[in-house]
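Note sheet for the following structure.
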Amino acid sequence: MVNVGARFIAPDNTDGHNNPLLRLLGVTFAYGGSARQPLLYDVNLQVQAGEMVGLLGPNGSGKTTLLRLMSGVLRPQHGKVLLENRDLQQWGRRGAAQHIAVVPQELHVPFAFTVEDMVSLGRTPFISFLGSQGKHDQQIIQQAMGAAEITPLTHRVFNELSGGERQRVMIAMALAQQPKILLLDEPTSHLDIRYQIDILALAQKLNRETHVTVIAAMHDLNLAARYFPRLLLFQRGIVADGGPAEVLESGLLSRVYGVNVQVGILRGAEHLSVLPPGSEHPDRECDPQNLPKVHVMAGGGSGAVMMRAFADAGIPFTAGALNIGDSDHTLALRLASRVITEQPYAPIAPQTAAQVRESLHQAAVLVLCPTPIGPGNLTLLQEAVHAAQQGLAVILLVSHIPPQDEPSPTFITPNEQEQYQELVSRDYTGGAGFQLLNELLAAGATIVNSVSEAVELAKKYIATMNR
């Protein structure tokens, strides 16, 4: 770090290559160990040097946990966090702190430390156990205070400052670490609008002028849209990754946050705004005439083409239950009107089954995609059988595969034999799953071999229900 006038200059984060500064590879984490349900599941992410990234998601979605994993405070049960292509754990706590600085939501200090004392703590990773600050350290501390614009507060007691002033002090303390990455955990929490803008404008300025990489967990979607060119939407995994216009999509936000919102550009503004629905935009999903008439059961990627086809055809649909982290779950959050969600690796809970039952009761047709059948999703097939026996139209989508060695009836056509073998091949329950599929067929389910055929048949069922 060098001092050019009064400007704070961070180390150069660019290396002339396209190697990410920070990378997460298949990171899974659960509090209490791997025996517990994961809070974050199979997260893959890379951040380039100099980026400014906002992390979004409802409470409990794992934003703060993700920051702790990025800082090395927490270790993933599975996967790796790489800093400059080296496992973060290999850097050690001191080495990681020399590259990554964390600004928490709040910091409680039991002593009457001055602002300068607080910022000096940022030099701790660079000072030996029995060492003391030298002239170089003092210079960096003054530069950090200048960059955060808190020099006039030098001798004030930290605990006596306003919330916005304390936040600036914590940023200065982080800058004193000379970080390549600055992690901000809800930096605008408990601040009034003036200080919210001040803090984010400061982060934006530091990113622009010093090229420090900024990753911030954000609660306010409007501020995130204004200050962060890249947004990551979380729900125990990455649901969306892109610019504000891509991530802040009203349907996606409504499904992830569980509340209907509008997204648009207010008159005279230049940034996206997220607003609750107004009276001039009634919630059409609450109107029984506009409820989705198709429910999709999928999993493991088996429903991707089917869901995209319904979206392309303008046919609203519900989906689930789908496990968090499943690729079908991620896609359904973007395309479906409603997604019924279950925890990773977990069997279908009674309350989840009740949601599926309600969705099937409102539907005109159920489309069952060629997902593998295991003990965890037998409950869904049982709900499907019950609904079919009550008169719900069911479409079984199968995929063509080479015939297997399992015995099949000799009186069926070659095409039916292939369909039979396909149904048998994806039953991993010892026969229980296939028995339920047979019960669906006995209740009138129709087997189709193509997505286009499923779409056309679903249209017919919907038209019949609407008459």
Subject >> Hits in region 185-200 (condition: polar (S, T, N, Q) and touching a Leu at 6+ places or on another chain (Cβ under 9 Å)) >> reply: 188, 196
**OP:** Scan region 209-231 and report the pairs whose first residue is touching a residue at least 24 places away in the same chain (Cβ under 8 Å) and whose second residue is of a type in the set (Asp, Glu) and in a strand (DSSP E or B), with Cβ atoms within less than 6 Å and a gap of 6+ or a chain change.
**Re:** 217/185
Original post:
So residue 306 fits all but one of (1) touching a helix residue (DSSP H, G or I) at 6+ places or on another chain (Cβ under 8 Å); (2) closer than 15 Å to residue 239 by Cβ; (3) not β-branched (Val, Ile, Thr); what number is the exception?
Top reply: (2)
Original post:
Can you pull out the residues in region 90-140 that are of a type outside the set (S, T, N, Q), within 25 Å of residue 157 (Cβ to Cβ) and assigned to a loop (DSSP other than H, G, I, E, B)?
Top reply: 104, 106, 107, 108, 109, 110, 111, 112, 113, 127
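Kindly indicate whether any position in region 27-46 is touching a residue at least 40 places away in the same chain (Cβ under 8 Å), small (Gly, Ala, Ser), in contact with a Lys or Arg (Cβ under 9 Å, 6 or more places away or on another chain) and buried (at least 16 other Cβ atoms within 10 Å of the Cβ).
Taking region 27-46 and keeping what is touching a residue at least 40 places away in the same chain (Cβ under 8 Å), we get 27-30, 33-34, 37-45.
Still in the running and small (Gly, Ala, Ser): 30, 33-34.
Now restrict to residues that are in contact with a Lys or Arg (Cβ under 9 Å, 6 or more places away or on another chain): 30.
With the extra rule that they be buried (at least 16 other Cβ atoms within 10 Å of the Cβ), the set shrinks to 30.
Scanning region 27-46 turns up at least one residue that is touching a residue at least 40 places away in the same chain (Cβ under 8 Å), small (Gly, Ala, Ser), in contact with a Lys or Arg (Cβ under 9 Å, 6 or more places away or on another chain) and buried (at least 16 other Cβ atoms within 10 Å of the Cβ).
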Original post:
If we scan region 170-178, do we find a residue that is within 31 Å of the chain's Cα centre (by Cα) and of a type outside the set (A, V, I, L, M)?
Top reply: yes
Subject >> Residue list for region 146-204, filter: among the charged types (D, E, K, R), within 18 Å of residue 223 (Cα to Cα) and in contact (Cβ under 8 Å) with a residue 40 or more places away in the chain >> reply: 185, 186
Subject >> Hits in region 209-226 - residues which are under 30 Å from residue 261 (Cα atoms), among the charged types (D, E, K, R) and either surrounded by fewer than 18 Cβ atoms within 10 Å (Cβ to Cβ) or under 18 Å from the mean Cα position of the chain (by Cα) (or both) >> reply: 220
Original post:
Among the residues of region 339-358, how many are touching a helix residue (DSSP H, G or I) at 6+ places or on another chain (Cβ under 7 Å) and in a helix (DSSP H, G or I)?
Top reply: 3
**OP:** Identify, from the list 231, 206, the residue that is touching an Asp or Glu at 6+ places or on another chain (Cβ under 9 Å), crowded, with 20+ Cβ neighbours inside 10 Å and under 24 Å from residue 167 (Cα atoms).
**Re:** 231
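Every number here is computed from the coordinates shown, using simple stated rules; none is lab data. Quantities reported herein were computed from a predicted structural model and do not represent experimental measurements. For neighbour counting, all protein chains shown are included, and Cβ atoms are generated from backbone atoms with ideal geometry for every residue, glycine included.
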